[in-house]
Amino acid sequence: MSIRVKLFLTFLLITSLVVMGMHFFTRWSLERGFTEFVEKRQQERLDKISNVLEEYYASHHGWDSLTKNKQGWIALLWQTDPHQHRPPKRIMQRALQEPENRWPPTLPEESEKRWISFGLRVMLLDADKSILFGQEELRTQLDLYPIRHEYQIVGYLGLLPGSPINQAGDIYFMEQQTNFFFWIAAVMILLSALVAWFLAYLLGRPLKQIAAAAKRLATGDYKTRLPVATRDETGQLALNFNDMAAALDQAEQSRRRWVADISHELRTPLAILRGELEAILDGVHPLNRDTIESLSGDVMRLNRLTEDLYQLALSDQGALSYHKKLLNPVPLLRDDLATFAADFKRKAIDVKWVNQLFKPVSINADPDRLSQLFRNLLANSLRHTDSQGQLEITVQRLENKLIIALADSSPGVAEQDIAHLFDRFYRVDPSRNRHLGGAGLGLAICHNIVQAHAGILAASPSPLGGLLIRIELPITT
């Protein structure tokens, strides 16, 4: 079943249970309340009959005249009816056909036994509980109510058990209310079905859109986006889906650029090697030491490129081996700087060392990877700083972080390019280009190494006119 059908059935089931529960509870409450009302009315009628019989006893000085007048007994019972109904003729006829003191008369028809009226449940007993109007076989079923005259019990009014709802009007009212409640419940269930269908459609529509969009996304359509019409969980899901689609689209574009850049970077040195080898074969270039050195240089550039690609792939996968230990990175940086001292001197670049640490610090790091980081950054500054320029290296501590900053002089980097310096194969023309020997992978590898040490690598314009590379590493002690 679809989600809409499941939602529809769920809403319909819940609302149906609520409606049916309300139906039965309301009906039970009505029947209980109405029964209590009728019982109170029955008690009032018993009191009224008792008063009438007491007056009769007082005026006639006994029951003798009443026991010889069955019609008077029947008339007396119906006289106390609050609706002043006359006794049914069939009751009168059967009562008169039976013995004088037998009451109520025999009612053989099942339809007449269904609802026994109040008058047919009453019997009259003398003070010694002998039957005046009644049936001897029903004596044990009676509830007796004493009739008093001048503080003396002169008789008993007996009441047979039965439903207090025995008047035609009461029966009609209860049947009418039962039918009314049934139709209300049926209409409410129908309305609930309509509301459930509407809610299922309303809630299932965005889910269906998300499912369709996810299917398109799975086929490679990364431009798929969902409309965000609400701010609830469904709208948040649509936003998250759009973010995921945008990330996949960006990743796909990066993958395509990555493949294109790799093929371009590999094709260039291979094309040069092929051209030189064909020139040698054609006799254009002689096969001498200079030619071999040129070929060796191209091979070495190709080897550096493949090594950088390998290192970058390992760092992306977290597969670079790190053997971390507590060390002070400042001497390591000084040693790497000393390695490049002759190259900086040859290019007339003034290197300034600023150490603002008051005491040695220790970080948990891999010395080989840190050395690779420092050498890549120093080589980058050496390669892209103009002759007779400057390089300022600052080491300081800010709270629990070690800050290493490398600021060089012109040429600078435009603001729009700084954010992409750590992207692979990214170059800033004309200061960083292929002719200077870089493939645009060094800073990307540096970024991965710093991340592996739980640090931050950032770039910004240098106050000296060039580029400022800032390294933040957590201090252990």
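Worth pointing out:
- Test: residue in the stretch 254-266 that is at pLDDT below 80, in contact with a helix residue (DSSP H, G or I) (Cβ under 6 Å, 6 or more places away or on another chain), surrounded by 13 or more Cβ atoms within 10 Å (Cβ to Cβ) and not assigned by TED's automatic domain parsing to the domain that holds VAL299: no
- Pick from the stretch 385-397, criterion in contact (Cβ under 8 Å) with a residue 60 or more places away in the chain and within 53 Å of the chain's Cα centre (by Cα), ranking: farthest from LYS347 (Cα to Cα): ARG397
- Selection status of ILE74, of a type in the set (A, V, I, L, M, F, W, C), at pLDDT 80 or above, in the same structural domain as GLY119 (by TED's automatic domain parsing) and over 19 Å from HIS149 (Cβ atoms): yes
- Residue match in the stretch 212-228 (condition: over 29 Å from SER16 (Cα atoms) and touching a Gly at 6+ places or on another chain (Cβ under 6 Å)): yes
- Candidates GLN396, GLN372, GLN388: the one that is in the same structural domain as VAL450 (by TED's automatic domain parsing), of a type outside the set (Gly, Ala, Ser) and in a loop (DSSP other than H, G, I, E, B) is GLN388.
Here's the yes/no breakdown for (1) of a type in the set (Lys, Arg); (2) surrounded by 14 or more Cβ atoms within 10 Å (Cβ to Cβ):
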{"position": "LEU12", "(1), (2)": "no, yes"}
{"position": "ASN51", "(1), (2)": "no, no"}
{"position": "GLU55", "(1), (2)": "no, no"}
{"position": "ASP64", "(1), (2)": "no, no"}
{"position": "GLN71", "(1), (2)": "no, no"}
{"position": "PRO99", "(1), (2)": "no, no"}
{"position": "ARG102", "(1), (2)": "yes, yes"}
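- Positions within the stretch 130-148 being in contact with a helix residue (DSSP H, G or I) (Cβ under 8 Å, 6 or more places away or on another chain) and surrounded by 14 or more Cβ atoms within 10 Å (Cβ to Cβ), in sequence order: ILE131, LEU132, PHE133, TYR145, ILE147
- Residues of the stretch 442-477 that turn out to be in a loop (DSSP other than H, G, I, E, B) and not small (Gly, Ala, Ser), as a count: 6
- Whenever a residue of the stretch 283-299 is in contact (Cβ under 8 Å) with a residue 40 or more places away in the chain, it has no partner that is among the β-branched types (Val, Ile, Thr) and surrounded by 14 or more Cβ atoms within 10 Å (Cβ to Cβ) lying with C-beta atoms less than 7 angstrom away and at least six residues away or across chains.
The values are calculated or read from the model by the stated rules, or taken from the named source; none is laboratory data. What you see is a predicted model; the values in this text were computed from it and never measured. Counting neighbours? That spans all protein chains shown, and the Cβs are built from the backbone with ideal geometry, glycine included.
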